[in-house]
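Visitor: Pasting a structure below so you can have a look.
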Amino acid sequence: MKVLIVGLGAIAKKHIEALRNIDPGVEIFALRSNNPSAIWPGITNIYEPDSRVRDFDFAIISNPTGMHADAIELLLDYHIPLFIEKPLFDTLEHADTLQRLEHACIPSYVGCNLRFLDSIRFLQRYIADNPQRRVNEVNVYCGSNLARWGGDKYRSLYNADPKRGGGVHIDMIHDVDYVCHIFGMPQHSRHVFRNVSSLGIDAYDYANYILEYPGFTANIVLNYYRPTPKRTLEIVFADEVWTADLRKNVITDDSGNEIYRGKNNVDTTYTEQMQYFIDAIQTGQPIRNNASTAYRILSLCLNPDN
């Protein structure tokens, strides 16, 4: 297997590890600038795309979000499948790029690895298989700490810079994505975005989405400043409450009884996600969360008041 990767940041390491878990003999080529800041063992640098790109099995786009559209445009003529790290774009101004991608019939997948967490998969199946089970409310919370990710230089991270596609409202698009994956797209939505916390960054560090479904409302709160990380999904049924602790991959009821315990973890979902994508492009099966689907969810995140 031969793979091209565009962007060698932290997330690229996870995708490279996933590739090597699947195929230890994978050949990885990286599209680099003329002065790469680091040498990666076992990865061949190229400095501009050429005819050999057509022979690659696919490309991974994992550069900063604000550069995704340019990377897609650069690779369109080579007609190889694209694995694009979330979110698809940083703005909705790249609909023309999406249209060209669709017109070229190039297989695409936008990486939202939490879809492959066992507890999320369990809930997606459960809700689909039990349409008679009344849901009255859904509450999602994801709080992390940007200052602990980046140390003293956290303000220089792309996450803190709206010009590079930063901001909790799309950086943590996972939580909006899995709600839509489990319950479908909402009928209406509203939002509050702010950046008034002690972090002192230009990008939004707080986002609150209110998604309206026919029989219930989903409330999604995201932030960059929680001292201790927390990621939960609460489903308020008519007769009981289920809470999924996504960090522990466990679902419990309101009495503390365990409903479900997953066997995988967030790290292993990267391999499962990559295997899903590879299987899909090799068999020609339709790809869930392709660029078109991801654009709809991005639209919900960036222009949610409707």
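The values are calculated or read from the model by the stated rules, or taken from the named source; none is laboratory data. Note that this is a predicted model, so its numbers are computed, not measured. Cβ atoms come from the backbone with ideal geometry, glycine included; neighbour counts cover every protein chain shown. Surface areas here come from the heavy atoms of the whole protein model, side chains and all, with no ligands, DNA or RNA. Shrake-Rupley method; radii C 1.70, N 1.55, O 1.52, S 1.80 Å.
Visitor: Would you pick out the residues in the stretch 52-71 that are within 21 Å of residue 164 (Cα to Cα) and touching a residue at least 12 places away in the same chain (Cβ under 8 Å)?
Guide: 60, 61, 62, 63, 64, 65, 66, 67, 68, 69, 71
Visitor: For the stretch 136-150, give me each residue that is open to solvent by 20 Å² or more (accessible area, probe 1.4 Å) and within 18 Å of residue 114 (Cβ to Cβ).
Guide: 139, 141, 149, listed by residue number.
Visitor: Kindly indicate whether residue 20 is modelled with pLDDT under 90, farther than 30 Å from residue 162 by Cβ and surrounded by fewer than 21 Cβ atoms within 10 Å (Cβ to Cβ).
Guide: The answer is no for residue 20.
Visitor: Can you name every residue in the stretch 238-295 that is polar (S, T, N, Q), assigned to a loop (DSSP other than H, G, I, E, B) and open to solvent by 40 Å² or more (accessible area, probe 1.4 Å)?
Guide: Scanning the stretch 238-295 gives 255, 257, 265, 285, 290.
Visitor: Looking only at the stretch 268-306, count how many residues are among the β-branched types (Val, Ile, Thr), in contact (Cβ under 8 Å) with a residue 24 or more places away in the chain, out of contact with any helix residue (DSSP H, G or I) (no Cβ under 7 Å at 6 or more places or on another chain) and under 22 Å from residue 16 (Cβ atoms).
Guide: The total comes to 1.
Visitor: Could you look through the stretch 151-174, keep only residues that are open to solvent by less than 70 Å² (accessible area, probe 1.4 Å) and of a type in the set (D, E, K, R), and pick out the one that is nearest to residue 237 (Cα to Cα)?
Guide: The extreme case among them is 171.
Visitor: Further question: Examine the stretch 218-225 for a residue that is part of a helix (DSSP H, G or I) and not basic (Lys, Arg), and state whether such a residue exists.
Guide: No, that holds for no residue.
Visitor: Please work out which residue is farthest from residue 79 (Cα to Cα), limiting yourself to the stretch 23-48 and to residues that are surrounded by 15 or more Cβ atoms within 10 Å (Cβ to Cβ) and of a type in the set (Phe, Trp, Tyr).
Guide: In this case the residue turns out to be 40.
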